[in-house]
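Below is one structure; the comments refer to it alone.
The values are calculated or read from the model by the stated rules, or taken from the named source; none is laboratory data. All of these numbers come straight from a predicted model, not from anything done at the bench. Quick reminder, even Gly has a Cβ in these numbers, built from the backbone with ideal geometry, and neighbours come from all protein chains shown. Each accessible area value is taken on the protein alone, full model and side chains, heavy atoms only, with ligands, DNA and RNA left out. Shrake-Rupley method; radii C 1.70, N 1.55, O 1.52, S 1.80 Å.
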Amino acid sequence: MGEAQSLFAVLRQSATPAVVDAFERLVRDAPDHRLCRINALAFAKAEGLDEEAVLAGFLHASRLGIFDLSWNVLCPGCGGVLDANTSLRTVKSEEYTCALCAAGYEPTLDEMVEVTFTVSPRVRHIAAHSPHDLPALEYFRQIYWGSGLDLPDEDYAEKVDGFVIESLELPPGERAVLALQLPEEFVIVFEPVTHAAQFIDVRGEPTKERRSLSLVFDRTHRHSETLILQPGPVRIQVENHTEVRTLPSVCIAGEALHAILGRRRPFLTAKRLLSNQAFRDIYRTDTLDLDQRLKITSLTFLFTDLRGSTELYERVGDLAAFDLVRAHFQVLNEIVTAEAGAVVKTIGDAVMATFPTPDRAVAAAMRMRDAMGRLNTERGSEDLLLKIGIHEGPCIAVNLNERQDYFGQTVNIASRVQHLAAAQEIFATGAVLDNRDASALLADRGLSPVAHTVTLRGIANQISIFAIP
């Protein structure tokens, strides 16, 4: 732990002490499987720590080499990892197919790409650093399933035994035979390394006739067509045509399997991380390729602008105005970060920020307005008058002007809603206030937004906007 102690000492300069202490305990004491693909949100909850502080800690620790960051494309059905990437730059397929669920999915950054952290081998070597040496049980737990599955710790093996009839390790280039009795169930022969599956619908009168089935694992053929067989003996010949060990397993797709797949928990999504200020500060442009266009089904945008900033420069002079505007930027940055958002860019005296959910954007907007009021009171003037607009919807994450940015109609609407606002006004669209948590936030404060129907330039249909008092 000599090098690790040095790295943790450096980490203390950028992460909160309680988070670093928790990381040190984790690396020192946790079993191997707890250090592979760590779910940062679950870790924060278990340790009783602030999520944003934990995320910032993991990001700084990854930059130092304490943890390795991974972007994993998930199947929304079974929660399996369809593709693991060390960078978001390599998430480029237009569709990912899950053989276990027999379904294809277009990747989005909301719930289909998770971000996890694995301890670096330079800090502590764990079994998952050599995944092709892991037993089948641990390969499923540490490599195949994503961090959103809440797998049991105490009776994990017993739970898996409840739906796995047979399994074996098949070295590269080898073949073997699985001889077993097929129960009257829906059976899946699944291989987690190549993501190959063969469905067998076992039904009808039992038979004593021994049937034969041949499967080849070669990373291309997925065996997705369903076979219908009677209950009884079967010989399944499996061949490994890959360069690594495979792990064919015969599973019953019944209550035991569905029970383990149904245990879900929140996980760190790519969308949330891209809207995290610490991530943007640490990784800057090292996120997307120039030709990447990654979809997000729901992101909340907040735009601010200072009313009369040109007159401000004329009235108080360039130097005083610059210092005042810079102070306003600093306050807005702090509020955005505190509400789990990120500043995408500043344009003149305006700010464009993103938030993972509408309620955080609404909370940030009200805090911004209050903060500008306090600054004005301290100065004895009304120089800082914010106009704020908020909108939520789908968008595309892109690399634009050497910056991770966003593109789409949602962004355009948010910007134009802000332009409609007058000084000290917060305008939010119906999409924002349709969010249950955003509406509850306003109700808790006794605020009743006033509705307007407006036409925005370049937008065909009228939209509803609400002034938040």
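Miscellaneous remarks
- Note on the stretch 117-137: residues that are among the hydroxyl-bearing types (Ser, Thr, Tyr) and open to solvent by 30 Å² or more (accessible area, probe 1.4 Å) amount to 1.
- Where strands (runs of 3 or more DSSP E) sit wholly within the stretch 383-453, those with at least 1 residues that are within 26 Å of the chain's Cα centre (by Cα) and modelled with pLDDT under 95 occupy 386-400, 403-407.
- Here is the figure for the stretch 409-459: residues that are open to solvent by less than 50 Å² (accessible area, probe 1.4 Å), within 13 Å of Ile390 (Cα to Cα) and aliphatic (A, V, I, L, M) total 11.
- Contact map, the stretch 268-295: residues that are at pLDDT below 90 paired with residues that are acidic (Asp, Glu) and open to solvent by 10 Å² or more (accessible area, probe 1.4 Å), Cβ distance under 7 Å, separation 6+ or inter-chain. Pairs shown: Thr285/Glu402.
- Taking the stretch 7-25 as the range and being open to solvent by 10 Å² or more (accessible area, probe 1.4 Å), assigned to a helix (DSSP H, G or I) and without any contact (Cβ under 8 Å) to a residue 60 or more places away in the chain as the test, the residues that pass are Ala9, Val10, Pro17, Ala18, Asp21, Glu24, Arg25.
- Residue match in the stretch 437-455 (condition: of a type in the set (A, V, I, L, M) and touching a Pro at 6+ places or on another chain (Cβ under 6 Å)): yes
- All of (1) touching a strand residue (DSSP E or B) at 6+ places or on another chain (Cβ under 8 Å); (2) under 28 Å from Ala84 (Cα atoms); (3) aliphatic (A, V, I, L, M) hold for Ile228 with one exception: (2).
- Every residue from the stretch 36-45 that is in a helix (DSSP H, G or I) and either of a type in the set (Lys, Arg) or on the phi > 0 side of the Ramachandran plot (or both): Lys45
- Residue list for the stretch 110-122, filter: in contact with a helix residue (DSSP H, G or I) (Cβ under 6 Å, 6 or more places away or on another chain) and either in a strand (DSSP E or B) or modelled with pLDDT of 95 or more (or both): Val113, Val115, Phe117, Val119, Pro121
- Test: residue in the stretch 351-364 that is part of a helix (DSSP H, G or I), open to solvent by 30 Å² or more (accessible area, probe 1.4 Å) and out of contact with any Phe, Trp or Tyr (no Cβ under 9 Å at 6 or more places or on another chain): yes
- Filter result for His33 (in contact with a Lys or Arg (Cβ under 7 Å, 6 or more places away or on another chain), over 30 Å from Glu95 (Cβ atoms) and assigned to a helix (DSSP H, G or I)): yes
- Residue within the stretch 365-384 that is of a type in the set (S, T, N, Q) and surrounded by 15 or more Cβ atoms within 10 Å (Cβ to Cβ) present: yes
- Restricting attention to the stretch 36-63 and to residues that are more than 19 Å from Leu88 (Cα to Cα) and touching a Leu at 6+ places or on another chain (Cβ under 7 Å), the residue that is most open to solvent (accessible area, probe 1.4 Å) turns out to be Glu51.
- Selection count, the stretch 329-350, where residues are more than 31 Å from the chain's Cα centre (by Cα) and either of a type in the set (Lys, Arg) or open to solvent by less than 10 Å² (accessible area, probe 1.4 Å) (or both): 0
- For the stretch 73-104, a residue qualifies if it is in a strand (DSSP E or B), under 25 Å from Pro248 (Cβ atoms) and either out of contact with any Leu (no Cβ under 8 Å at 6 or more places or on another chain) or of a type in the set (Gly, Ala, Ser) (or both), and the qualifying residues are Gly80, Asp83, Ala84, Ala103, Gly104.
- Filter pass, Ser70 being closer than 29 Å to Arg293 by Cβ, more than 15 Å from the chain's Cα centre (by Cα) and either among the aromatic types (Phe, Trp, Tyr) or modelled with pLDDT of 95 or more (or both): no
- Of residues in the stretch 333-362 being among the β-branched types (Val, Ile, Thr) and touching a Leu at 6+ places or on another chain (Cβ under 7 Å), the one nearest to Arg307 (Cα to Cα): Val351
- The residues on offer are Leu55, Leu49, and the sole one that is part of a loop (DSSP other than H, G, I, E, B), under 26 Å from Val20 (Cα atoms) and aliphatic (A, V, I, L, M) is Leu49.
- Within the stretch 88-116, considering residues that are out of contact with any Lys or Arg (no Cβ under 9 Å at 6 or more places or on another chain) and polar (S, T, N, Q), the one least open to solvent (accessible area, probe 1.4 Å): Ser93
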